[in-house]
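Before any comments, here is the structure.
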Amino acid sequence: MNVLGIATVAGRLIAGEEFGVDSDGHITSHSWLLPDKAELIWGTLSSLLIFGLLWKFGGPAIKKGMAARTERIQKELDAAAADKAAAATEAAEIRQAKGDIEAARARILGEAEEQAALVLSEGRARLEQEIADVRTRTSAEIASMGSRAGDELRAEIARLSHAAVDHVVKGSLDDATQQELIESFISRVGASA
Amino acid sequence: MSDARIEGYARGLFEIARAEGTLDEVEDELFRFARSFESSDSLRSALTDDMIPAAKRLAIVEDLLGGKATATTTQLISMVVGAGRGRDLPAIIDTLVARASSAKNLEVAEVRTAVPLSADQQARLAAALANATGRQVNLKVVVDPAVIGGVVATVGDTVIDGSVRTRIDQLKSRL
């Protein structure tokens, strides 16, 4: 028997209601479904009393617990919302960083291409200048070598010519020629007065 | 050496040669010795080197001229070399020759040839030079192989060059 049953029986006893008892010792009533009027009244009152007591003494605790639970849940919701916002912010930052990385990558690639183009251009210009210098220098050296070779050749020819002249002249100057030269000189000087 | 000292030595040698009565011969020998002195580096260094004792320098002169030149010529050269004036010997002798020529109213004519001139050639050349310059000349012939051929005559400031050497040099210049 539950508490309600006990309270009902107790109410009936207090009201002087008679109960029957079967052979097994069980209390019997006049209806299998509805209690007696007194039982109904007392039961209702008891129930109201109990509910009233529960409401009076248990309600605040329940309310307090519910409020605490609500507050805790709210906190959890707030924390979750904050976490969500933080995650969203972080995601935004990541997306921004990713975007920045892409921009930086594009910028670096662009700068690298510009730098490469500049280096290539400068390299070509420098190479062309060096080629021009080498050509100029080579032409000058060739001209110098040609001039030097010409000078050396002329000097050698002159030296050989001098030697040949000395050799030929001295070889042809026999005594008769010497005397002829002297006589010619005397005649020329004598005639020059 | 100063000009005055050269002049002094030349005058002294001139007077000695004239007093000895061998001026023409001595003058000629001295002139040829001076030209040899100028053309020979070894002779010039031997007679002008102060590190060589004077006695040795005089012995060299004696070896060179003994029996080949008059005693007066040898002694005059020895005197100059012994006095340590060997370096000025050509200038002294040239001054002496000029003085001797001037005493005879002659102009010194230095003639360089590759081969010796005969007496006849010297006489005709002297006459030709006198005719060309208008002055009587005292001919001094120097045999100089560097001339190669022909004649180079110098009378005062006038040079008459008919040498093969000069023609060869001109030809080399053109080459």
Using 7 Å Cα-to-Cβ label points, what is the A:Ile131/A:Lys75 separation (nm, one decimal)? 8.1 nm
Averaging 1/r across every pair of distinct alpha carbons in region B:1-120 and inverting yields a Kirkwood hydrodynamic radius, in angstrom, of 14.7 Å
For q values of 0.08, 0.16 Å⁻¹, compute log₁₀ I(q)/I(0) with the Debye formula on a Cα-only model of region A:37-193, without solvent. -0.77, -1.11
When the dipole is taken about the Cα centre of the protein assembly as shown, and only Lys, Arg (+1) and Asp, Glu (-1) are charged at their Cβ, what size is it in debye, to the nearest 20? 480 debye
Any idea what the dipole of chain B comes to, in debye rounded to 20, about its Cα centre with Lys/Arg Cβ at +1 and Asp/Glu Cβ at -1? 380 debye
For region B:106-174, give the magnitude of the charge dipole about the Cα centre (Cβ charges: +1 Lys/Arg, -1 Asp/Glu; no others), in debye to the nearest 20. 220 debye
The summed charge of the A:Arg107 Cβ neighbourhood (under 13 Å; Lys/Arg +1, Asp/Glu -1) stands at -4
Taking other Cβ within 10 Å of each residue's Cβ, how do B:Lys56, B:Lys172 sort, fewest first? B:Lys56, B:Lys172
Which of B:Glu29, A:Glu102, B:Glu107 has the fewest Cβ neighbours within 10 Å, and the rest in rising order: A:Glu102, B:Glu107, B:Glu29
Apply the a/c threshold of 1.5 to the C-alpha gyration tensor of the protein assembly as shown and tell me whether it is rounded, prolate or oblate. prolate
Rounded, prolate or oblate: which fits region A:113-177, taking a ≥ b ≥ c as square roots of the Cα gyration tensor eigenvalues, rounded meaning a/c under 1.5, else prolate when a/b beats b/c? prolate
From the square roots a ≥ b ≥ c of the eigenvalues of the alpha-carbon gyration tensor of region B:76-175, which class results: rounded (a/c under 1.5), prolate (a/b over b/c), or oblate? oblate
Mind pulling the angle between the C-alpha long axis of helix B:23-39 and the longest principal axis of chain B? Nearest 10 degrees, somewhere in 0 to 90. 80 degrees
Which ³J(HN,Hα) values, rounded to whole Hz and listed in residue order, are derived for region B:127-136 from phi using the Karplus coefficients 6.51, -1.76 and 1.60 in 6.51 cos²θ - 1.76 cosθ + 1.60 with θ = phi - 60°, glycine and proline given as x? 5, 5, 5, 5, 5, 6, 9, x, 10, 6
Which lysines have a Cα less than 16 Å from the Cα of B:Lys104, not counting those fewer than 8 places away in the same chain? B:Lys140
How do B:Glu7, A:Glu39, B:Glu27 line up, fewest other C-beta atoms within 10 Å first? B:Glu7, A:Glu39, B:Glu27
Straight-line reach from B:Lys172: which aspartates and glutamates fall under 19 Å, measuring Cα to Cα and dropping same-chain residues less than 8 apart? A:Asp151, A:Glu152, A:Glu156, A:Asp166, B:Asp161
Taking 8 Å as the Cα distance limit and 6 or more residues as the minimum spacing, I'd like the relative contact order of chain B as a percentage. 21 percent
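Each value in this text was obtained by applying a stated rule to the coordinates, not by laboratory testing. If you're wondering where the values come from, they're calculated on a predicted model, not measured in any experiment. No Cβ is skipped: glycine too gets one built from the backbone with ideal geometry, and neighbour counts run over all protein chains shown.
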